[in-house]
Amino acid sequence: MRPAEALARLSLARTDGIGPATFRRLIARHGNAEAAMAALPQHAARSGRSFTAPPRDAVAREMEAVARMGGSFLFLDDQGYPPLLALLEDAPPVLALLGPPEVLRRRQVGVVGARAASAAGRRVAEELAAGLCSAGIAVTSGLARGIDAAAHLGALNVQGRTVAVVAGGLDMPYPPENAALQGRIAAEGGVVVSEAPLGTAPQARHFPRRNRIVAGLVLGLVVVEAAQRSGSLITARLALEAGRELFAVPGNPLDPRARGGNDLIRQGAHLTETAEDVLANLPAQPLVLPLFSLAPLADKITAPAPAAAPPPESVGQVLELIGTTPVAVDDLVRRCQLSAPSIQAILLDLELSGLVETLPGNRVVRSVT
């Protein structure tokens, strides 16, 4: 990828008001990130919203700082981008990495669980991770206290590959006591992954986004000790929604940390005691294939001409057909008798205006205000 396009992609990904799904649609409409960035003022004028992009030199400094750390960036359509993660509708447009990117293309199993884990739970997590790595599987977790840290250590103990997805910037290890573990992972053949810019201190709102990356990277997810309404159960739900296989370690019904995992087993998760239980039920691919195609995001030397603003009557015609019940974009094309590119252009402006939301499965719905 040309340096100017890489810089533009990172700038677009770091622009306030541009989420992962909108990032994908902007590039699909304009052909590349340089053209999309140039068109943002037009979108802002039509939508009545402002989009605050970081200064170009600040983005360049971030790229240089990651390189000085020995890290790298992966963009959504790079060959090395993890293929399972790319299937998500809200796949991160850019990942910052410490460690070899090729680890992310290996078959992965997530191991997650309680931060305040019991000694027995930590031992189970370590043994599961070691067994999975011995079978050639990379073990993925969130570098949190407790089960996450035990899973990473279990992988390292057998010289296996482990993936740590962190909620903050690569330069902000969290929790602080796991800074050495983060360094070991990157130095011993694993990889540390972040969606956040350097300098981002982890906050509560960042962890669900981190959890979706864990769920998106793996073929299966093992839950070891999870209280009800815990972050681990959020990751489990995201994994199920993405069609990943779900596993859970049973626990003492008197221990609150076991209730979440026991509930998952009652709901159909594989009862798991050893790595063999996981390997025997691990699918070759996700159980739910994407309802959209990941078209290559073109890295064109010549940017396409800026798209013309759609006629106001066409915008009103499309908006009138979108209600609080999701509707397929293909249905809008048939009913409006407009071309698919025209519909997509109108929907992008409506989404940027906050009037509609795009859902998985190429569907749209009126935003609730």
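The values are calculated or read from the model by the stated rules, or taken from the named source; none is laboratory data. Note that the structure is predicted; figures quoted are calculated from it, not measured. Counting neighbours? That spans all protein chains shown, and the Cβs are built from the backbone with ideal geometry, glycine included. SASA here: full protein model, heavy atoms, side chains in, ligands and nucleic acids out. Shrake-Rupley method; radii C 1.70, N 1.55, O 1.52, S 1.80 Å.
Those residues that are open to solvent by less than 40 Å² (accessible area, probe 1.4 Å), small (G, A, S), in contact with a strand residue (DSSP E or B) (Cβ under 7 Å, 6 or more places away or on another chain) and in contact (Cβ under 8 Å) with a residue 40 or more places away in the chain, I need them from the range 50-88; list them, please.
G71
Give the range 249-271 a look and list any residue that's open to solvent by less than 30 Å² (accessible area, probe 1.4 Å), closer than 17 Å to A119 by Cα and not in a helix (DSSP H, G or I), or say none. Can you show your working first?
Restricting attention to the range 249-271, the residues satisfying the condition of being open to solvent by less than 30 Å² (accessible area, probe 1.4 Å) are 249, 258, 260-262, 264, 269.
Okay, now just the ones that are also closer than 17 Å to A119 by Cα, so 249, 258, 261.
Hit for the range 249-271 is V249, nothing else.
Return the only residue of L143, L98 being closer than 21 Å to H206 by Cα and open to solvent by 10 Å² or more (accessible area, probe 1.4 Å). Explain how you work it out, then say what you get.
On the way: L143 fails: open to solvent by 10 Å² or more (accessible area, probe 1.4 Å).
Only one candidate passes the filter, namely L98.
In the range 1-10, how many residues are open to solvent by less than 10 Å² (accessible area, probe 1.4 Å) and either in a loop (DSSP other than H, G, I, E, B) or closer than 14 Å to P197 by Cα (or both)?
Of the residues in the range 1-10, 2 are open to solvent by less than 10 Å² (accessible area, probe 1.4 Å) and either in a loop (DSSP other than H, G, I, E, B) or closer than 14 Å to P197 by Cα (or both).
Tell me which of these E357 doesn't satisfy, since it passes every other one: (1) under 21 Å from P93 (Cα atoms); (2) modelled with pLDDT of 85 or more; (3) not β-branched (V, I, T).
E357 satisfies every listed condition except (2).
Which condition breaks for V165 when tested against (1) more than 24 Å from A280 (Cα to Cα); (2) more than 16 Å from the chain's Cα centre (by Cα)?
V165 satisfies all of (1) more than 24 Å from A280 (Cα to Cα); (2) more than 16 Å from the chain's Cα centre (by Cα) except (2).
Can you tell me how many residues in the range 346-369 are over 25 Å from the mean Cα position of the chain (by Cα) and either open to solvent by less than 20 Å² (accessible area, probe 1.4 Å) or under 24 Å from L87 (Cα atoms) (or both)?
1
Identify the single condition in (1) touching a His at 6+ places or on another chain (Cβ under 9 Å); (2) open to solvent by 40 Å² or more (accessible area, probe 1.4 Å) that T200 does not satisfy, given that it satisfies every other one.
Among (1) touching a His at 6+ places or on another chain (Cβ under 9 Å); (2) open to solvent by 40 Å² or more (accessible area, probe 1.4 Å), T200 violates only (2).
Every residue, every condition in (1) more than 25 Å from the chain's Cα centre (by Cα); (2) at pLDDT 95 or above, yes or no:
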site: G243; (1), (2): no, no
site: L246; (1), (2): no, yes
site: P253; (1), (2): yes, no
site: I265; (1), (2): yes, yes
site: T272; (1), (2): yes, yes
site: A275; (1), (2): yes, yes
site: V278; (1), (2): no, yes
site: N281; (1), (2): no, yes
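Name every residue in the range 146-166 that is closer than 22 Å to M69 by Cβ, touching a residue at least 40 places away in the same chain (Cβ under 8 Å) and open to solvent by less than 10 Å² (accessible area, probe 1.4 Å), in order of residue number.
Result: V163, V165.
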